[in-house]
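These notes are about the structure you will find just below.
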Amino acid sequence: MQDLITNIFGREIRTSTDCAELSEHIWLVTGKKISPTTLKRFFGVITDRGVIGNSSLLILKEYVGGYKRNVNLSNQEIQLIKDFYSIEVSDINDFNYQKACGNIARRIIENENLLIKMSGFLAKNKSAQIYFFERFPMIDLLANENYLKSLRQYAYSKKTNESYIYFYSLRILGAFLKKNEAALSDAFQKLSKYKLNSLLHPFIQGRYISSNLMYYHFINDKKNFNKWKDFAVKNELTIPRGNGKEAYFPMYQYILIDCFNLLGEYDLSYQFFKICEYDYKFNYSSPIEPGYYESFDLMKSYCYYNLGYKEEAKRIFKKITVSNLLFIHQKYYMFFYNFLKSKFSTENNNNQKLVEETKFIYFKNI
């Protein structure tokens, strides 16, 4: 068990400081306390006659619960990934480095045991915090407990308001798609401790507002739902636009359009699409993954179809190539793609397999 704990934590446990930090990390993952002194005994940092109690062992088992060591994992491969994330990047918008990190991120999430084994390192490494967690939010994995654990480790390792908002917003989206009211309420209460401000990244602002919209829609609180709809429109006026580094893609609008489509607010989606057409220049050489443009067109087709602009929706749909959808949310957007495909062809809309794979039961009847 010691080796597995070390792998999850991300480094060897050799000192009193290591044990104190591991104690905090165990609390973050499990919500249960185990003292640094107990961990010192467990890892042999101190030698005395103290006995490790069954309750402490149960907490440690919960910490590694569900984790399995994969003997086929190459330690050399893991070290290469760690070395890559340890490269100092002079420009945070270095798109070549970002694309390479995207390939690595894809490799990690395709092997859940690799994610488990590297989660501690990824959560603490500054480059991985940006280029694994922030640039590549794994929407398709928001019902996966191991991914959520690693995301929680990231947020509580980075310890910024933005990282906490990001984590709890993704938890809310996952709980909403799973139709898990208890998890949704818990995440929303924790998100509410943090306040929205204009200094936050447009993606984060969009996530925060979308989280409120989803929560109030879920509990059928029309007053607060309408309040946040109005705020989403008002706040949009404060978002940078143009073609500079800070506004090369309509990040805020993208997140809100996705949310509006999800909640059936197609008029607002249409309004935001028009803003994007007028105020942003789409630049395929900008530092954003091309797959975002593909999903943007898919959302537009879905919105237009539900507003009755069916010929325009069909024209847009015909241009979409499924393989171009970004790997982080390909299954999520396939729900919308399959719906449209069933409307524009004789094929049935069979999303049952996708529901089983993602556990997004919200789409069961789409």
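In the range 64-99, of all residues being at pLDDT below 85 and of a type in the set (Ser, Thr, Tyr), the one that is surrounded by the most Cβ atoms within 10 Å (Cβ to Cβ) corresponds to 67. Look at residue 167 and say whether it is in the same structural domain as residue 335 (by TED's automatic domain parsing) and surrounded by 18 or more Cβ atoms within 10 Å (Cβ to Cβ). When the stated conditions are applied, residue 167 passes them.
Note on the range 197-218: among residues that are touching a residue at least 24 places away in the same chain (Cβ under 8 Å) and over 18 Å from the mean Cα position of the chain (by Cα), the one that is nearest to residue 162 (Cα to Cα) is 198. Suppose the filter is within 18 Å of residue 156 (Cα to Cα), of a type in the set (Asp, Glu) and out of contact with any Cys (no Cβ under 6 Å at 6 or more places or on another chain); does residue 12 pass it? No; evaluated as a whole, the condition is false for this residue. Residue under question is residue 33, and the condition is that it be out of contact with any Cys (no Cβ under 7 Å at 6 or more places or on another chain), charged (D, E, K, R) and within 21 Å of residue 152 (Cβ to Cβ); does it hold? Spelling it out, residue 33 is indeed out of contact with any Cys (no Cβ under 7 Å at 6 or more places or on another chain), charged (D, E, K, R) and within 21 Å of residue 152 (Cβ to Cβ).
Residue 306 - would you say it is in contact (Cβ under 8 Å) with a residue 60 or more places away in the chain and under 30 Å from residue 220 (Cβ atoms)? Answer is no for this residue. Look through the range 7-30, keep the residues that are under 26 Å from the mean Cα position of the chain (by Cα) and outside any helix (DSSP H, G or I), and return whichever of them is surrounded by the fewest Cβ atoms within 10 Å (Cβ to Cβ). Ranking the candidates gives 11 first.
Is it the case that residue 124 is within 26 Å of residue 20 (Cβ to Cβ), over 9 Å from the mean Cα position of the chain (by Cα) and at pLDDT below 90? No.
The values are calculated or read from the model by the stated rules, or taken from the named source; none is laboratory data. None of these values were measured; they are calculated from a predicted model. Backbone-built Cβ (ideal geometry, glycine too); neighbour counts: all protein chains shown.
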